[in-house]
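First the structure, in the form of structure tokens, and then the observations on it.
Just so it is clear, none of the values below were taken in a lab; they were calculated from the coordinates. Nothing here was measured: the structure is a model prediction, and the numbers come from that model. Glycine also receives a Cβ, built like all others from the backbone with ideal geometry; neighbour counts cover every protein chain displayed.
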């Protein structure tokens with residue numbers, strides 16, 4: 001897929017940024033890449049129960065992944081190299097995020113809930129119809145924490161592909177004092193992946209059904225968090 005859509009997997013030009021910001025973006029991207037790679041390499045990943053990804057692909061569908069923002073660290077390393085495309089904001093933060101994600105084999109589409117969102121959704125529809133998997137941090141980029149937004153539900157409606165939510169629960173981690181309470185795994189921790197059953201959205205879904213499906217997605221992610229909590233405390 002990278003060969004068919006090179007622009008999706010190539011960092012955008014920084015020509016519109018002043019020199020100081022260009023340097024800061026490159027340094028931030030490199031620092032996050034090194035940190036995630038070094039810690040991620042030591043994590044011992046395991047999947048709880050069945051991995052539903054093969055079943056989805058055997059049915060001729062492409063998954064739309066949904067995760068909580070504070071689990072992004074361990075999730076990036078787990079999903080690396082799969083060509084997954086994410087929505088990144090058209091901002092300073094979005095630039096360095098897109099750059100370090102590219103180093104892990106992710107693609108990016110520009111847009112957000114507040115800037116360029118419609119354009120970003122149109123591009124995601126085009127790419128997933130071409131077979132590229134998508135991913136959302138469903139409570140990002142600014143929260144509220146653990147409150148799912150409707151982006152993946154709309155994409156599922158438009159394309160007929162299922163939403164596959166999951167939570168990576170790390171045995172030991174540091175927690176950042178940020179809005180999402182970002183979890184940074186401690187080296188050599190076990191990291192168990194808890195998948196929920198996929199959520200399908202009918203193509204004729206109206207606003208009420210979209211909200212119903214968003215609530216279902218919310219419940220499935222909450223349940224996955226609780227399964228992870230029970231596992232870690234056992």
>> Stokes-Einstein diffusion coefficient for region 50-95 at 25 °C in a medium of 0.890 mPa s, Rh from the Kirkwood formula over Cα pairs: what value in µm²/s?
In response: 193
> Among 184, 76, which comes first, then next, by fewest other beta-carbon atoms within 10 Å?
Replying inline: 184, 76
> Highest GNM mean-square fluctuation, the chain, Cα pairs closer than 10 Å: which of 154, 109, 122?
Replying inline: 122
>> At 0.36 nm per residue, and after removing the present C-alpha to C-alpha distance, how many nm does the segment from residue 55 to residue 178 gain when stretched out fully?
In response: 40.7 nm
> How big, in percent, is the set of alpha carbon pairs in region 1-93 lying more than 15 Å apart?
Replying inline: 74
> Which of (i) -0.44, -0.91, -1.05, -1.37; (ii) -0.53, -0.96, -1.06, -1.26; (iii) -0.64, -1.03, -1.13, -1.32 is the computed log10 I(q)/I(0) by the Debye sum over Cα atoms at q = 0.10, 0.14, 0.15, 0.17 Å⁻¹ for the structure on display?
Replying inline: (i)
> Quick one: 169, 226, fewest Cβ neighbours within 10 Å first, how do they rank?
Replying inline: 226, 169
> How far, in nm, would the chain grow between residue 42 and residue 80 when pulled straight, counting 0.36 nm per residue and subtracting the alpha carbon separation?
Replying inline: 12.2 nm
> How would you order 187-197, 13-23 from highest to lowest mean count of nearby Cβ atoms within 10 Å?
Replying inline: 187-197, 13-23
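Mean residue ellipticity at 222 nm from the helices of the chain, using -39,500 (n - 2.57) per DSSP H segment of n ≥ 4 over the full residue count, to the nearest 500 deg cm²/dmol?
Value at 222 nm, helices only, nearest 500: -13500 deg cm²/dmol.
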>> Based on alpha-carbon centroids, what's the gap between region 95-174 and region 21-81 in Å, whole number please?
In response: 12
> Per the Debye formula with a single identical scatterer at each Cα and no solvent contribution, what log10 I(q)/I(0) holds for region 107-208 at q = 0.20 Å⁻¹?
Replying inline: -1.16
